[in-house]
1. What are the semi-axes of the equivalent ellipsoid for segment B:1-74, taken as the square roots of 5 times the Cα gyration tensor eigenvalues, largest first, in whole Å?
2. Can you compute the FRET efficiency between A:Gln243 and B:Thr6 using 1/(1 + (r/R0)^6), with r the Cβ-Cβ distance and R0 = 60 Å? Round to the nearest 0.05.
3. Which number comes out as Rg/Rh for segment A:109-159 once both Rg and the Kirkwood Rh are worked out on C-alpha atoms?
4. Mind ordering A:239-252, A:201-214 by average Cβ neighbours within 10 Å, highest first?
5. Which of the trypsin sites (Lys or Arg not before Pro) found in segment A:39-72 are loop residues per DSSP with 11 or fewer other Cβ atoms within 10 Å of their Cβ?
6. What shape does chain B have by the C-alpha gyration tensor, where a ≥ b ≥ c are the square roots of the eigenvalues, rounded means a/c under 1.5, and otherwise prolate means a/b greater than b/c and oblate the rest?
7. Taking chain B as a Gaussian network, Cα atoms linked when under 10 Å apart, which of B:Ser127, B:Ser77, B:Ser174 shows the biggest mean-square fluctuation?
8. I'd like to know how chain A sits against the 2.2 N^0.38 Å rule of thumb: what's its Cα Rg over that expected value?
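Every read-out reported here was derived from the displayed coordinates using simple, explicitly stated rules and does not represent laboratory data. Remember, it's a predicted structure, so these values are computed and weren't measured experimentally. Cβ coordinates were reconstructed from backbone atoms using ideal geometry, including for glycine residues, and neighbour counts include every protein chain displayed.
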Amino acid sequence: MTTPRTLFDKVWDAHVVAEEPERPAVLYVDLHLVHEVTSPQAFSGLRARGLGVRRPDLTLATMDHSTPTVKRSLQMADPEAQAQLRTLIDNCHEFRIPLYEVGSDRNGIVHVIGPELGRTQPGMTIVCGDSHTSTHGAFGALAFGIGTSEVEHVLATQCLLQRKPKSYEVRFDGRPGPGVTAKDLILALIAKIGTGGGTGHVMEYTGEAVRALDMEGRMTVCNMSIEAGARAGMIAPDDTTYQYLAGREFAPEGRELEVAMAHWRQLPTDEGASYDRTVTVDVGAVEPMITWGTNPGMGIPITAPVPEAPNGAYDKALSYMQLESGKPLLGKEVDVVFVGSCTNSRIGDLRMAASVLRGRKVKDGVRMLVVPGSHHIKKEAEAEGLHEVFLAAGAEWREPGCSMCIAMNGDQLSPGQVAVSTSNRNFEGRQGKGGRTFLASPLTAAACAVTGEVTDPRTLEVR
Amino acid sequence: MPQKITAIESRLVRLPVADVDTDQIIPARYLKVTSKDGLRECLFADWRQDPDFVLNRPEAEGAHVLVAGDNFGCGSSREHAPWALVSWGFRAVVSTSFADIFRNNALKNGLLPVVAPEDAHRELMESDRAATVTIDLRSQTLTTPSGRLVEFPVDSFARHCLLEGIDELGYLLSFEERIEAHEEARS
């Protein structure tokens with residue numbers, strides 16, 4: 001009888017090329033995603049050594065971080081960003097890597113287009129020089145962020161040197177109440193275990209509430225695994241996964257699909273397999289969440305007061321955010337609302353935001369940006385008329401990209417501004433130097449845009 | 001190719017902040033570069049606006065060891081963070097824990113992430129400005145200013161690479177035949 005294995009064990013085992021005593025495993029990579037910011041030095045390294053790209057066919061490049069979210073993005077970028085984007089074009093051309101540059105129908109945020117094109121599939125190993133690569137774990141892939149040195153390693157050998165992380169089961173038991181989305185579940189988890197709570201581990205999300213999520217919600221959850229410090233987050237594939245993949249451009253079809261399905265169905269964690277750690281979240285008790293501080297672990301139910309730390313551990317964050325312990329966040333004035341990023345820029349996220357904005361206006365003096373994750377999503381949203389809802393409400397409907405999540409493409413906060421954002425990081429200055437960020441779901445963000453202050457989305461009727 | 005590391009003896013730069021994320025180490029607006037050079041001035045760029053920030057104090061000049069709070073290097077995978085720390089002159093960071101990606105990135109750039117026990121870490125954080133530490137990678141020990149010797153863990157392969165100046169990509173390339181065999185078995 002074989003030892004019961006977890007989903008993570010199975011994907012890991014299937015990709016170990018070699019494992020010498022005392023040495024890290026040589027782990028094969030099935031899909032390597034590349035973007036402009038973390039790749040130039042890796043390509044320079046290859047060139048300096050006279051190496052080529054081993055598997056351009058397993059490599060896929062896009063532009064997203066430094067691209068302005070306006071038409072003619074490449075021409076509108078600042079000179080430094082333009083040079084970086086041109087470098088990516090040249091590198092992809094020289095090494096024959098498919099590149100979906102701005103303007104291409106397939107362009108978009110790297111963690112949005114991989115799944116959308118059907119390149120992300122169950123059981124794969126997927127890496128990218130980007131910590132939110134954990135997103136792809138929603139499909140039962142082992143997906144994690146790497147540094148630029150490792151990008152060079154994968155370009156040259158299609159492999160990485162890795163020690164096997166520990167496993168961590170995160171059970172979301174029960175059913176969410178009204179106004180509680182995938183974003184609230186993951187923010188509740190990170191608030192519970194802290195921003196370093198998952199360090200050294202690969203999480204597997206299980207439980208009734210995870211099964212009930214659609215693929216977009218699952219991607220939102222896995223996306224923020226890194227914000228709990230985890231190496232990766234995974235969700236076992238099921239019919240929801242297979243239905244999402246069906247008919248996507250690069251997803252298998254016909255006989256190939258039958259073979260793939262036979263493999264995919266073997267992936268879920270075996271009965272009796274054990275994890276190194278387990279935590280349970282009672283989903284019925286989760287409220288819409290919002291962060292008050294300067295890391296994603298500083299989250300609270302939106303109706304709760306800003307917390308107190310007896311040892312002054314929150315002083316730095318409170319001072320930066322200009323908040324006081326014990327006071328409510330509800331009612332706090334907001335300058336900017338951002339709906340977008342690899343966490344929450346998919347069609348379901350846009351539908352959520354639109355459900356609140358339909359027939360309402362963004363409060364005077366509030367700037368709201370809605371930034372679809374890809375061209376495909378933009379088209380889909382426009383076909384449904386969502387853009388008309390946003391524009392009629394007074395929000396900006398922009399071109400795809402990372403936008404205000406990262407403040408390196410022109411979309412950013414001014415010093416002192418307060419944003420409610422559907423992105424993943426509330427670090428000091430993350431959305432612009434001196435800017436202050438409250439992370440929340442698309443529902444909550446849209447509700448805040450309407451009232452101009454931090455608002456419980458359950459108090460606004462959905463239309 | 002990273003610089004070989006054996007032993008480091010240095011004064012300390014103390015940053016008593018937990019969860020220092022890589023966006024603080026180097027803000028995203030400095031990531032529009034295509035080389036690893038010239039990042040010295042971007043290190044902690046926003047925090048350095050404060051004239052009292054540790055890197056602005058005279059004792060930071062010539063120090064090679066940064067002591068910071070728990071979970072150092074969390075957040076973004078940007079390798080620009082260790083590049084910027086190294087270009088400033090840091091050769092080791094001492095904390096009570098490190099984020100996974102930062103630790104990997106640091107080790108590939110000759111920047112040693114040293115996980116110290118809490119009491120030793122506290123001693124470093126509270127030591128006076130002239131105090132020095134010695135970090136010996138071969139024996140995996142850190143000597144505190146009071147002369148206490150504490151051991152720290154390092155991945156055995158990373159340690160081997162740092163001590164010998166071995167490059168990980170060279171090691172990976174030596175697996176070519178087995179990589180090919182793996183590809184054939186899967187196709």
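1. Semi-axes from the Cα gyration tensor: 20, 18, 14 Å.
2. Working: r = 57 Å, r/R0 = 0.95.
Efficiency for this residue pair is about 0.60.
3. Radius of gyration over Kirkwood radius for segment A:109-159 works out to 0.96.
4. On the way: A:239-252: 15.3, A:201-214: 21.5.
With the highest mean Cβ count within 10 Å placed first, the list reads A:201-214, A:239-252.
5. Details: sites: A:Arg47, A:Arg49, A:Arg54, A:Lys71, A:Arg72; in loops: A:Arg54, A:Lys71, A:Arg72.
Those that pass, being in a loop and sparsely packed, are A:Lys71, A:Arg72.
6. Values: a/c = 2.14, a/b = 1.41, b/c = 1.52.
Oblate, since a/c reaches 1.5 and b/c is not below a/b.
7. With Cα springs under 10 Å in chain B, the top fluctuation among B:Ser127, B:Ser77, B:Ser174 is at B:Ser174.
8. Working: Rg = 21.3 Å, N = 463, 2.2 N^0.38 = 22.7 Å.
Normalised Cα radius of gyration, chain A: 0.94.
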